[in-house]
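This report refers to the structure that appears directly beneath it.
The values are calculated or read from the model by the stated rules, or taken from the named source; none is laboratory data. Keep in mind that what you see is a predicted model, and the values were worked out from it rather than measured. Cβ coordinates were reconstructed from backbone atoms using ideal geometry, including for glycine residues, and neighbour counts include every protein chain displayed.
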Amino acid sequence: MRVVNIGGPIALGVIGAILYFAMNDVIPGLDSKMVGLILMGAAAIWLVLGMITNRPRSVVTTERTNVQDTGGTVPRQGGGAQSVEREVRHDEV
């Protein structure tokens, strides 16, 4: 099982929120609200990309085989055709 590391995006988002909501003109000439918005946006993108790239992956292969009855001595119920289906699942860990 893969684990999504969410500590980095949450810390970045909290720092961005502090800059946006709580700080006013800490450094002259630097717009702290814009920096806060940029950091919160980067945290959201980082979190979404981390969840997408670390999602569980699996491949399912389905094989279907139809077998026709060639007229044996005992007729089958259902018209003489038999269908066999097999699923193979490969989970990536």
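If you check Val84 against the conditions, is it exposed (fewer than 10 other Cβ atoms within 10 Å of the Cβ), farther than 30 Å from Gly16 by Cα, β-branched (Val, Ile, Thr) and at pLDDT below 75?
The answer is yes for Val84.
Name the residue that is nearest to Val84 (Cα to Cα), counting only residues in the stretch 49-71 that are without any contact (Cβ under 8 Å) to a residue 40 or more places away in the chain and not in a strand (DSSP E or B). Spell out the reasoning first.
First pass over the stretch 49-71, keeping only residues without any contact (Cβ under 8 Å) to a residue 40 or more places away in the chain: 49, 52-53, 57-71.
Checking which are not in a strand (DSSP E or B) leaves us with 49, 52-53, 69-71.
On the way: Leu49: 40, Ile52: 35, Thr53: 36, Asp69: 13, Thr70: 17, Gly71: 19 Å.
Out of the qualifying residues, it is Asp69.
Given (1) surrounded by 10 or more Cβ atoms within 10 Å (Cβ to Cβ); (2) of a type outside the set (Gly, Ala, Ser); (3) at pLDDT 70 or above, identify the lone condition not met by Asp69.
Looking at each condition in turn, Asp69 falls short on (3).
Counting just the residues of the stretch 18-36 that are among the hydrophobic types (A, V, I, L, M, F, W, C), in a helix (DSSP H, G or I) and touching a helix residue (DSSP H, G or I) at 6+ places or on another chain (Cβ under 6 Å), which one comes out surrounded by the fewest Cβ atoms within 10 Å (Cβ to Cβ)?
Restricting to residues being among the hydrophobic types (A, V, I, L, M, F, W, C), in a helix (DSSP H, G or I) and touching a helix residue (DSSP H, G or I) at 6+ places or on another chain (Cβ under 6 Å), the top hit is Val35.
For the stretch 29-48, indicate whether the set of residues that are without any contact (Cβ under 8 Å) to a residue 60 or more places away in the chain and within 30 Å of Arg89 (Cβ to Cβ) is non-empty.
Yes, the stretch 29-48 has at least one match.
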